[in-house]
Amino acid sequence: MSYRALSEALLNGKPYAGAALQALQGPPERQRYFRPVVKAAAEAVPAPIRILEIGSWAGVSAISWGTALKDLNQEGDITCVDPWLPYFDINLNNADVYREMNRAAERSLIYKLFQHNTTAAGLQDILHVKQGSSREVLPHLPERAFTIVYIDGSHAYEDVVFDIEQAKRLLRDCGILCGDDLELQNGEIEPKELADAVQGGHDFVLSGSATRHYHPGVTAAVGEVIGKVSVWEGFWAVRIQGAHLKQVALDLNSAGLPPHILPFFQRMEGQTAGYSLYFQAGRYYAVSDSVPSEVVGELLTGYEFPPIVLVGRTFQEVKEKAEACTGQISVERPHEPQIVGQHRNFNIVRLKDLVYGVRQSIGEVNLSLDSSLLANQYDQQDVIIGTTVDGIKTRIDCVELLRNVECLEQKIQLMSDHFESTKNQLPAWLDQFRSSTSKLQAQFASELAKIAQELAQEREQRQLVLRAAEQRAAESLRQAVEAAKAAERLQRRIDDRLTEVTALVKELRRKTS
């Protein structure tokens, strides 16, 4: 595994979405659907577009949501919920990927990478981080607050059920509930097999009935709580309408791999004698078939190491360089399967003289089996056998085109069924509307009459109060006038008495003198 690209990203302040620390979770193609989801949500729900992400890990998917908002010129924000703690039981899930994820979380490395990635992507102003498990955080979030809820946290059945139920509470009407890791829907697996897988507590297992690897906890929880959902390459989505969750159609013309993932997404372009040809980060490479597949990523640095690694600005240039070097390296066809590239959501694997296209979602495949046994054990749309890489890529394109056509046919059928159902229910809806309108009109008229009566009573009461106030004022004025007159009469009597007293005093003084 390469830590060179991780080191360069940290030193240069760029987001990292490579294999180190399992930073990129799941097939990168699934994040192509983030932009169509944001577009579908924005068409039905007023701005801002508030996104809740349950399970953020290294922040790669959070950056994809932020990129979708920016590309569509949508105002919004992203709330990330993740404990960033080890949560895999290694006794049940002992593959190297689970051990590495636990180690990355134990040392807080993955949380530090999350902080680096989201900062490097410039999400600080629209990012809200809630560190804790979904059971600790989600119940405290306000209901009907989010336009999109994306579930990519714990795959345990009970946890996924909890996350879906909380998402239904948290989503605005016509908002979109979506998630990752739905490789199979519950109708595609034998019920007992699914129940046993959930009971066993395994994260990712091979289905004997469907002959594909899948996450049983996700499959069971989505099927039980929601039912059939819209799904594209393991990415699933539904729209909430009132109390119901319904399938949603996306504009796949707006789908595209986010740019921060592209530098870490190597694409195999073909083969020439002794070399495999790749495209990554704007350059074409010819890598000798003598190089083990797990080391190829280390060598795609932009520098040549002839005759092992050749670099060109165009496919033709690097192909001509490879053809000129043919014969300088002795290459023995491998007796062990080697992944020589990727195309769409398939691994391209070479074993001896054959080339295989293996769908990534089905997990490991024993390619040492005879071709007829492989054909019986696996769907021909999941394992493709040929002799050249270009031929395999062409057949993969045909398979994916056929799947897209089938998906389109299903959507057309759903739309047709919905139209017929709506057409049949329209007369009843019209009758119900007329009945409801009549009732509302009668209720409105009754309420208006009550209001008019209350206003008349209030007006009459106000007039009575006014007349009483006027009468009290008149009486008070009369009493005041009478009091003034009485005071005037009293003052005259006092003056008369003073005059008499003064005369008596003068007379008394005269007699005594």
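Which of the residues spanning segment 26-65 are farther than 20 Å from residue 138 by Cα and among the basic types (Lys, Arg)?
30, 32, 35, 39
Answer yes or no as to whether residue 421 is more than 30 Å from residue 230 (Cα to Cα) and either without any contact (Cβ under 8 Å) to a residue 24 or more places away in the chain or of a type in the set (Gly, Ala, Ser) (or both).
no
Taking segment 480-513 as the search range and keeping residues that are polar (S, T, N, Q) and either touching a residue at least 24 places away in the same chain (Cβ under 8 Å) or in a helix (DSSP H, G or I) (or both), which one is surrounded by the fewest Cβ atoms within 10 Å (Cβ to Cβ)?
512
Determine which member of the set 254, 276 is touching a strand residue (DSSP E or B) at 6+ places or on another chain (Cβ under 6 Å) and touching a residue at least 60 places away in the same chain (Cβ under 8 Å).
276
Part of a helix (DSSP H, G or I) and within 28 Å of residue 40 (Cβ to Cβ) - does that describe any residue in segment 187-208?
The answer is yes; a qualifying residue exists.
Which of the residues belonging to segment 376-413 are in contact with a strand residue (DSSP E or B) (Cβ under 6 Å, 6 or more places away or on another chain) and among the acidic types (Asp, Glu)?
382, 390 - these are the residues of segment 376-413 that are in contact with a strand residue (DSSP E or B) (Cβ under 6 Å, 6 or more places away or on another chain) and among the acidic types (Asp, Glu).
Can you confirm whether residue 127 is surrounded by fewer than 19 Cβ atoms within 10 Å (Cβ to Cβ) and of a type in the set (A, V, I, L, M, F, W, C)?
No.
Could you please give the count of residues in segment 189-229 that are touching a strand residue (DSSP E or B) at 6+ places or on another chain (Cβ under 9 Å) and without any contact (Cβ under 8 Å) to a residue 24 or more places away in the chain?
Count: 6.
One residue is enough: does segment 102-115 have a residue meeting the conditions under 19 Å from residue 18 (Cβ atoms), in contact (Cβ under 8 Å) with a residue 60 or more places away in the chain and out of contact with any Leu (no Cβ under 7 Å at 6 or more places or on another chain)?
Looking through segment 102-115, none of the residues is under 19 Å from residue 18 (Cβ atoms), in contact (Cβ under 8 Å) with a residue 60 or more places away in the chain and out of contact with any Leu (no Cβ under 7 Å at 6 or more places or on another chain).
Do we find a residue being among the β-branched types (Val, Ile, Thr), more than 29 Å from residue 376 (Cβ to Cβ), at pLDDT 95 or above and surrounded by fewer than 20 Cβ atoms within 10 Å (Cβ to Cβ) anywhere in segment 167-185?
The answer is no; no qualifying residue exists.
Would you call residue 36 of a type outside the set (Lys, Arg), in a helix (DSSP H, G or I) and crowded, with 17+ Cβ neighbours inside 10 Å?
Yes; evaluated as a whole, the condition is true for this residue.
Given the criterion surrounded by fewer than 18 Cβ atoms within 10 Å (Cβ to Cβ) and in the same structural domain as residue 132 (by TED's automatic domain parsing), identify the matching residue among 89, 77.
Result of the check over 89, 77: 89.
Can you tell me which residues in segment 61-87 are in a helix (DSSP H, G or I) and not acidic (Asp, Glu)?
Result: 61, 62, 63, 64, 65, 66, 67, 68, 69, 70.
Identify the residue in segment 190-235 that is surrounded by 15 or more Cβ atoms within 10 Å (Cβ to Cβ) and among the polar types (S, T, N, Q) and, among all such residues, is nearest to the chain's Cα centre (by Cα).
Top of the filtered list is 230.
Kindly provide the set of residues from segment 155-188 that are more than 15 Å from the chain's Cα centre (by Cα) and of a type outside the set (D, E, K, R), ordered by number.
Answer for segment 155-188, where residues must be more than 15 Å from the chain's Cα centre (by Cα) and of a type outside the set (D, E, K, R): 155, 156, 157, 161, 162, 184, 185, 186, 187.
Which of the residues that make up segment 351-401 are among the acidic types (Asp, Glu) and farther than 23 Å from residue 276 by Cβ?
370, 379
Any residue that is of a type in the set (D, E, K, R), crowded, with 20+ Cβ neighbours inside 10 Å and at pLDDT 95 or above - is there at least one of those in segment 11-32?
Looking for residues that are of a type in the set (D, E, K, R), crowded, with 20+ Cβ neighbours inside 10 Å and at pLDDT 95 or above, one finds none in segment 11-32, hence no.
Regarding residue 90, is this residue at negative phi, assigned to a loop (DSSP other than H, G, I, E, B) and touching a Phe, Trp or Tyr at 6+ places or on another chain (Cβ under 9 Å)?
So residue 90 passes the test.
Do we find a residue being free of Cβ contacts under 8 Å to residues at least 40 places away in the same chain and in contact with a Phe, Trp or Tyr (Cβ under 7 Å, 6 or more places away or on another chain) anywhere in segment 373-383?
Yes, that holds for at least one residue.
The values are calculated or read from the model by the stated rules, or taken from the named source; none is laboratory data. From a predicted model like this one, the values you see are computed outputs, not experimental measurements. Please note: Cβ atoms are built from the backbone with ideal geometry, for glycine as well, and neighbour counts cover all protein chains shown.
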